[in-house]
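Every number here is computed from the coordinates shown, using simple stated rules; none is lab data. What you see is a predicted model; the values in this text were computed from it and never measured. We place every Cβ from the backbone using ideal geometry, glycine too, and count neighbours over all the protein chains shown.
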Amino acid sequence: MNMELRLLKVSFIGLGNMGFPMAQNLLKAGYELIIFNRTPEKVEPLMKQGARYAETPLEAAKESNLVITMLSDDAALEEVVEGPNGVLNGLSEKGIHVSASTISVDLARKLSAAHAERKQHFVSATVLGRPDAAKAAALRIILAGPEQARQRVLPVLTALGQEIFEIGEHGEEGNVVKIGVNFLIASMLEALSEAQLMVEKHGIEPARFMDVVNALFQSPIYQNYGAIMTEQRFEPAGFKMKLGMKDVALAIEAAQSVQAPLPLGELIHHHLHEGLANGYGELDWTALIRCLKHSN
Ligand code: NAP
């Protein structure tokens, strides 16, 4: 079959907080969509909108030869890609795996090699933005991988985001950038939590404090996260604390691998670890402020 025609068919694996609205936007953009999710109940609303269900990741990959994965972490992606019913066995030559999950640099490197060995392509397309941005097709996408494969997936990614940053030829380079940006967001959360608690203890309304912060910093990151924290909207989680801790651990690992210092990462990891011990793993990671409250 002509590759251009096959690219109008896309497979999407992982219909969680982020994957579901992303997949929905591909349907809206007119792609023929094949979907797989470990928990099959989640596929039903998309099937009602015209998506087709694949029984396994292998079947999903065979159907379209362009597979987007959006899964929790390294373990989930390894299972979906490398398992006997996995994406590696399903893609044919020139098939493309677009990995949108936030995963380790090492796994991205390993999957690049595994796909290349089978003459397939691994493209890293990690995303910035929470589920509301995913729903609005307003994600920012960090793209890395072999040039030809990048060009082939660009039109598909355009249906998901407002801006695409092309980083380089090697998938894992995109993961380094994503992990670095997420470390900055985690650092902002730590600093904002500490500052909000301090002003609150002086009897000042945190929302008034945020008016000043937002006037000065003018960033959707401060604005959105600051509002969630002042309004304590930790449930349902847009980004689960357990995933936030995973990302900080990825930053620590990435820093250690090149002997770069990341002392702030260690501190934030410690606070998030306390949060998980307190049972906050499924809350939004902005509940970091609660961890700090408890550690006082
Ligand atoms: P989520 O809501 O927890 O969804 C996780 C997805 O992974 C679900 O589809 C889940 O399937 C699947 N999964 C987990 N373990 C699996 C396994 N062993 N085998 C097969 N499937 C498995 O997470 P999310 O918030 O969508 O995040 C997905 C990825 O995007 C993460 O890497 C996260 O760090 C990153 N990210 C998130 C945000 C955000 O704001 N949420 C923003 C940017 C990037 P089930 O339905 O069966 O559980």
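Here are a few things to note about the model shown:
- Fewest-first ranking of Leu276, Leu243, Leu91, Leu184, using other Cβ atoms within 10 Å as the exposure measure: Leu184, Leu276, Leu243, Leu91
- Angle of helix 147-158 to the longest C-alpha principal axis of the chain, folded into 0 to 90 degrees and rounded to 10: 70°.
- Candidate lysines - alpha carbon under 24 Å from Lys201, same-chain residues fewer than 8 apart omitted: Lys293
- The ellipsoid that matches the Cα gyration tensor of the chain has semi-axes, each √(5λ) in whole angstrom, of 35, 20, 17, with the longest given first.
- When both the range 156-178 and the range 102-136 are represented by their alpha-carbon centers, they are found 9 Å apart.
- Cross-link pairs Lys119/Lys240; Lys42/Lys62; Lys28/Lys94; Lys9/Lys242 - those with Cα-Cα distance over 24 Å: Lys119/Lys240; Lys28/Lys94; Lys9/Lys242
- DSSP finds beta bridges in the chain, and of those with both partners inside it, around 20 percent are antiparallel.
- Linear extension gain, Ser92 paired with Gln148, 0.36 nm per residue minus alpha-carbon span: 18.5 nm
- Across q = 0.14 Å⁻¹, the range 176-295 modelled as identical point scatterers on its alpha-carbon atoms has Debye log10 I(q)/I(0) values of -0.57, in the order of the q list.
- Charge context of Lys42, other residues only, Cβ under 15 angstrom, K/R +1, D/E -1: 0
- Length gained when the stretch Glu41-Ile221 is fully extended (0.36 nm per residue, less Cα-Cα span): 61.5 nm
- The orientation-averaged projection of the convex hull spanning the C-alpha atoms of the range 30-82 amounts to 3.8 square nanometres.
- Per-peptide average of other Cβ atoms within 10 Å, ordering 95-103, 228-236, 264-272, 54-62 highest first: 95-103, 54-62, 264-272, 228-236
- Helix 105-117 axis, angle to the chain major axis (alpha carbon atoms, nearest 10°): 0
- Model label sites at Ile204 and Ala116, defined 7 Å from Cα along the beta-carbon direction, differ in position by 5.3 nm.
- Sequence of Lys135, Lys48, Lys119 once ranked by neighbouring C-beta atoms within 10 Å, starting from the fewest: Lys48, Lys119, Lys135
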